[in-house]
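First up is the structure itself, then whatever we jot down about it.
The values are calculated or read from the model by the stated rules, or taken from the named source; none is laboratory data. Note that the structure is predicted; figures quoted are calculated from it, not measured. Neighbour counts are summed over all protein chains in view; Cβ atoms, including those assigned to glycine, are modelled from backbone coordinates with ideal geometry.
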Amino acid sequence: MIDKITEYFPELTAEQKEQFEAMTTLYPEWNSKINVISRKDIDNLEVRHLLHSLAIGRFVRFTPGTRVLDFGCGGGLPGLPLAVLFPEAHFHLIDRIGKKIRVATEIAGALGLVNVSFQHGDIAECKEKVDFVVSRAVMPLPDLIKLSRKNISAEERNGIPNGVITLKGGELEQELGRYKKMTEIIPLSGFFPDEEFFATKCITYTPVK
C-alpha cells in the first residue's frame with residue numbers, strides 16, 4: 001500500500017503508482033539478502049524512505065532534461081523514487097559499495113526505469129555533469145560540496161540555480177559552517193504536516209557556481 005505517497009502526490013499516473021507499489025515489495029526482498037535499510041526500519045519503508053526521498057520533489061519540480069547525481073545512493077535512495085516521479089529527468093547513482101549499487105540496479109531493472117544510470121566507485125572518478133547533486137545524510141554538507149562541485153554544470157534549466165540538495169535531520173548550524181548564509185533550510189513538516197517522522201527533518205539547498 002502506498003496511501004501516504006498517493007495522498008501527497010495525487011498527480012501520479014497509474015504506471016508510477018505501480019512502480020511505487022512494486023518498491024514496497026522489492027526493497028524488503030532485497031534487504032533480506034543485502035542490508036541497505038535498517039532491518040528494524042524496513043516496516044516503515046513508505047514514509048521514512050520513499051516519501052522522505054520524494055520530499056525533494058516537493059521542493060523542486062525537475063524540468064525535462066534535468067540531470068541529477070545521487071551521491072552515495074546506497075540502495076537507490078533518494079535517486080530511484082525521484083526517477084519514478086520525474087521520468088523525463090535523468091538520474092546517475094553512485095556509491096562506493098558494490099553490493100548496494102547492485103541492489104539499486106536490480107530494483108531499477110525490475111521497475112523498468114530507463115532514466116537511470118549507475119556507477120560503482122568514488123565521486124572523484126565521476127565525470128558526469130549535472131544540474132543538481134542530491135544526497136541523503138551521507139556526509140557533512142561542506143565536504144559534499146567540495147567533492148561534487150566539479151560535477152555541477154554551469155548550464156541551468158530549472159527555476160532555481162544548480163546546486164546541492166540534501167536530506168538532513170537534527171541540528172545543522174554547526175555543520176553548515178561557511179555555507180550557512182548561502183544555504184536555504186526547508187523544514188519537511190511543511191510538506192508533510194501530518195507525519196510525525198518529518199518534525200525534525202529538512203532539506204538543505206545550496207546554489208553552487
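Take the residues of the stretch 145-167 that are in a loop (DSSP other than H, G, I, E, B) and among the small types (G, A, S): which is modelled with the highest pLDDT?
S153
Looking at the stretch 94-119, which of the residues that are closer than 10 Å to V36 by Cβ and among the basic types (K, R) is surrounded by the most Cβ atoms within 10 Å (Cβ to Cβ)?
Filtering first and then ranking leaves K100.
If you go through the stretch 99-118 one residue at a time, do you hit one that is within 30 Å of E173 (Cβ to Cβ) and touching a residue at least 12 places away in the same chain (Cβ under 8 Å)?
no
Identify all residues within the stretch 125-144 that are among the charged types (D, E, K, R) and not in a strand (DSSP E or B); write none if there are none.
E125, K127, E128, K129, D131, D143
Evaluate the stretch 169-177: report whether one residue or more is surrounded by 17 or more Cβ atoms within 10 Å (Cβ to Cβ) and modelled with pLDDT of 95 or more.
no
Taking the options A154, A124, A137, A110, name whichever one is within 15 Å of the chain's Cα centre (by Cα) and among the aliphatic types (A, V, I, L, M).
Exactly one residue qualifies, and that residue is A137.
Which of the residues spanning the stretch 1-37 are surrounded by 12 or more Cβ atoms within 10 Å (Cβ to Cβ) and in a loop (DSSP other than H, G, I, E, B)?
I2, F9, L12, I34, N35, V36, I37, listed by residue number.
Is it the case that some residue within the stretch 44-61 is of a type in the set (S, T, N, Q) and surrounded by fewer than 18 Cβ atoms within 10 Å (Cβ to Cβ)?
The answer is yes, given that some residue of the stretch 44-61 is of a type in the set (S, T, N, Q) and surrounded by fewer than 18 Cβ atoms within 10 Å (Cβ to Cβ).
Which residues, taken from the stretch 180-193, are buried (at least 17 other Cβ atoms within 10 Å of the Cβ) and in a helix (DSSP H, G or I)?
L188
So K40 ticks every box in (1) farther than 25 Å from V164 by Cβ; (2) buried (at least 17 other Cβ atoms within 10 Å of the Cβ) but one. Which box is left unticked?
(2)
Confirm whether K127 is modelled with pLDDT under 95 and either farther than 24 Å from E18 by Cβ or of a type in the set (G, A, S) (or both).
Here the answer is yes, as K127 does meet what is asked.
Picking from E29, E88, which residue would you name as being touching a Ser or Thr at 6+ places or on another chain (Cβ under 9 Å) and among the acidic types (D, E)?
Every option except E88 fails the conditions.
If I filter the stretch 72-84 for residues that are surrounded by fewer than 24 Cβ atoms within 10 Å (Cβ to Cβ), in contact with a Gly (Cβ under 8 Å, 6 or more places away or on another chain), farther than 21 Å from G163 by Cβ and not charged (D, E, K, R), do I get at least one hit?
No, that holds for no residue.
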